[in-house]
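S.K.: Here you go, one structure.
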Amino acid sequence: MKIKSLIRTIPHYPKQGIQFRDVTTLLKDPVGFRIMIDELAARYAGQKIDKIAGIEARGFIIGAALAYKLGLGFIPIRKPGKLPADTIGHDYELEYGSDRVEIHTDAIAKNEKVLLIDDLIATGGTAEAAAALIAKLGGEVVECAFVIDLPDIGGRKRLEQKGLKVFSLCEFEGD
């Protein structure tokens, strides 16, 4: 089974001209979900990784399941005001405006190796901000892993230009 076949495309969402790649149809399929986690686990098994960081919200689901499978701790990277203890944040630009992600200040120890996970990479802005937070805390991003890459939007190239390694399980051409 190819996991790409379990990802739904929703035309013109959230706005006209966008082809939204919806990973929730993959998550609800027990076989597809297991295959996705097993493929990611096979890639990272045996690598020197201390923790997995997942970007809100779908990155939490994938990252937490993968952390469990690999016997690692999980770190949530969230929108502002959602984490209860001391945080640091990183602002980043969106196509129309800006946003921010935050992480607990005690989430990562100096020199820890962190795998960054999210469901999809489009422009790469959120992943770049999350990687910057990990670096601010003294951690090292081993790789940025995604279920879906939208290569025509350029996020992979953006992250690679920042010196980050990028991996995805599948790609969708176009927007």
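S.K.: Counting only residues that are of a type in the set (Asp, Glu), within 30 Å of Asp106 (Cα to Cα) and assigned to a strand (DSSP E or B), how many does the stretch 129-161 have?
M.R.: Residues in the stretch 129-161 being of a type in the set (Asp, Glu), within 30 Å of Asp106 (Cα to Cα) and assigned to a strand (DSSP E or B): 2 in total.
S.K.: Is there any pair linking a residue in the stretch 147-171 that is aromatic (Phe, Trp, Tyr) to one that is assigned to a strand (DSSP E or B) and at pLDDT 95 or above, with Cβ under 7 Å and at least six apart or on different chains, and which?
M.R.: Phe167/Glu143; Phe167/Ala145
S.K.: So Leu164 ticks every box in (1) part of a loop (DSSP other than H, G, I, E, B); (2) within 22 Å of His12 (Cβ to Cβ); (3) modelled with pLDDT of 95 or more but one. Which box is left unticked?
M.R.: (2)
S.K.: Given the conditions (1) more than 16 Å from the chain's Cα centre (by Cα); (2) not in a strand (DSSP E or B), which single one is not true for Gly89?
M.R.: In the conditions (1) more than 16 Å from the chain's Cα centre (by Cα); (2) not in a strand (DSSP E or B), Gly89 misses (2) alone.
S.K.: I'd like the full set of residues that are in contact with a Ser or Thr (Cβ under 6 Å, 6 or more places away or on another chain) and assigned to a helix (DSSP H, G or I), limited to the stretch 1-13.
M.R.: Passing the criteria: only Leu6.
A quick yes/no check of all residues on (1) under 22 Å from Glu171 (Cα atoms); (2) in contact with a Gly (Cβ under 8 Å, 6 or more places away or on another chain):
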site	(1), (2)
Pro11	yes, no
Phe20	yes, no
Gly32	yes, no
Gly54	yes, yes
Gly63	yes, yes
Lys82	no, no
Tyr96	no, no
Arg100	no, yes
Lys110	no, yes
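S.K.: Can you find, within the stretch 14-50, the residue that is farthest from the chain's Cα centre (by Cα) among those that are of a type in the set (A, V, I, L, M), outside any loop (DSSP other than H, G, I, E, B) and surrounded by fewer than 14 Cβ atoms within 10 Å (Cβ to Cβ)?
M.R.: Out of the qualifying residues, it is Val31.
The values are calculated or read from the model by the stated rules, or taken from the named source; none is laboratory data. Please read these numbers as outputs of a predicted model, since none were measured by experiment. Every residue, glycine among them, receives a Cβ derived from its backbone with ideal geometry; neighbour counts consider all protein chains shown.
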